[in-house]
Each structure stands twice: as structure tokens, then as C-alpha cells.
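For reference, the structure discussed in these notes is given below.
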């Protein structure tokens, strides 16, 4: 059910922002990298962030990132304001073995982030390849936690496994900031990087003009 909800959110996000793609193009005669009416799809991977897990016993997948941007408001000072959406996923696992009892404890966290984003793309040069930006994201953070063990007493307070058995991780909403840049290596394909906090501390990827 949670996967269906996430997929529905992706479709809704794109449906909300695609109508803006028809808004008139910028009247600025100077070429800019991210003008009004632009539509960009970004794919990438991230590290760090809210759900970073490290240390003995921990394993973690890279954070997979999918985002969409629309140049919604043009000629805002020397730049363009974009609206868009982001979906990100990462998984973290922790395994602990108690040598005294012979019991093992495995914990798994699946993290999803669904966010609405807005950024200011600063066209301070006449370059048609370089696109610096900064913005904020209102994200809904979804946490799926599971625990397995061969300890028959894990549900009893005082047992070493009880701390894992009774753990819970609620979903929540949070606001985060980011700064990044995109550089186009061809007319429609570029590379991008972002720094921030929330879904990731550092993310890198590929962009596609739609």
C-alpha cells in the first residue's frame, strides 16, 4: 500500500507542475540556461543526509534521486523561479550478533522522501550551459521499519533484543535547503550536483531537458 501511495504521489506531482510548462516563454532576448517554460528531469544518487547509517554492522544503499523542475516564473531579477517535485529512496540495515546468547538481530529501514521544491536559478552570465541555483523543499519523510530475530524473548522488557523489537519510526514533514549547479554537456543532457541537508548532504547526477 505504501508503494502505491508513493507512485500516486509521483504522478500527482508531475500532473500539478506540467500545466505550468505552457506558460509563455521569457521575453529576455539574452539566452539563458534555465528560462521560463523550461522542463528538466534529474536522475542521481546521494550520500549523507537525515538517513545516513554507518559503523560496524551497518550496510546502506546509495540514495536514489528523481526530481522534476519547471521554469515557472521568468525575469525575476536576473533569474528564474522554478517549481518542481522530488522523490528519493535509500535503505539501511543493521545486524547484531550476541555471542553470549547466540541470538542475532536484523533491522531494516526503508526511507522514502516525497517533496515539493522551489529554486531560484540565477542567470548572472550569458552562458547557455551553466545553471546555478538555490532553493528549499517541503518534504514528507516516510520510514518503513522491520525487525527479525531468532531470540524468542525479544518481546520481553530487559531482553537485549527488546530495544529493537519495540522501536518505531513515525513519518514526518520537514523543510530543507539546498544549493546546486547544472552544466550541460550537450543541448539536452547535463550533469548536476547539490549540497544541502534533508534527503542528502551531497547528490550528483544527470539532467535531461524535456
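FYI, it's all coordinate maths here, none of it is from the lab. Predicted model, so just to flag it, every value in this text is computed and none were measured. We place every Cβ from the backbone using ideal geometry, glycine too, and count neighbours over all the protein chains shown.
Could you order the peptides 165-178, 123-136, 88-101 from most to least packed, using the average number of other C-beta atoms within 10 Å per residue?
123-136, 88-101, 165-178
Rounded to the nearest 0.05, what FRET efficiency is calculated for residue 106 and residue 43 with R0 set to 35 Å and r the Cβ-Cβ distance?
It comes to 0.70.
Determine the gain in length on full extension of the stretch residue 197-residue 163; use 0.36 nm per residue of separation and subtract their C-alpha separation, reporting nm with one decimal.
So the extension gain works out to 9.4 nm.
What percent of all Cα-Cα pairs in region 38-153 falls into each 5 Å bin, going from 0 up to the bin containing the maximum distance?
Histogram of Cα-Cα distances, whole percents per bin: 2, 10, 16, 16, 12, 11, 9, 7, 6, 4, 3, 2, 2, 0.
In Å, what is the Rg of the alpha-carbon atoms in region 85-153, and how long is Dmax?
Rg, Dmax (Cα atoms, Å): 21.5, 68.
If you split all Cα-Cα distances of region 85-210 into 5 Å bins from zero, what percentages do you get per bin, shortest first?
2, 9, 15, 15, 12, 10, 9, 8, 7, 5, 4, 3, 1, 0
Mind giving me the FRET efficiency for residue 124 and residue 187? R0 is 25 Å, r the Cβ-Cβ distance, nearest 0.05 is fine.
0.70
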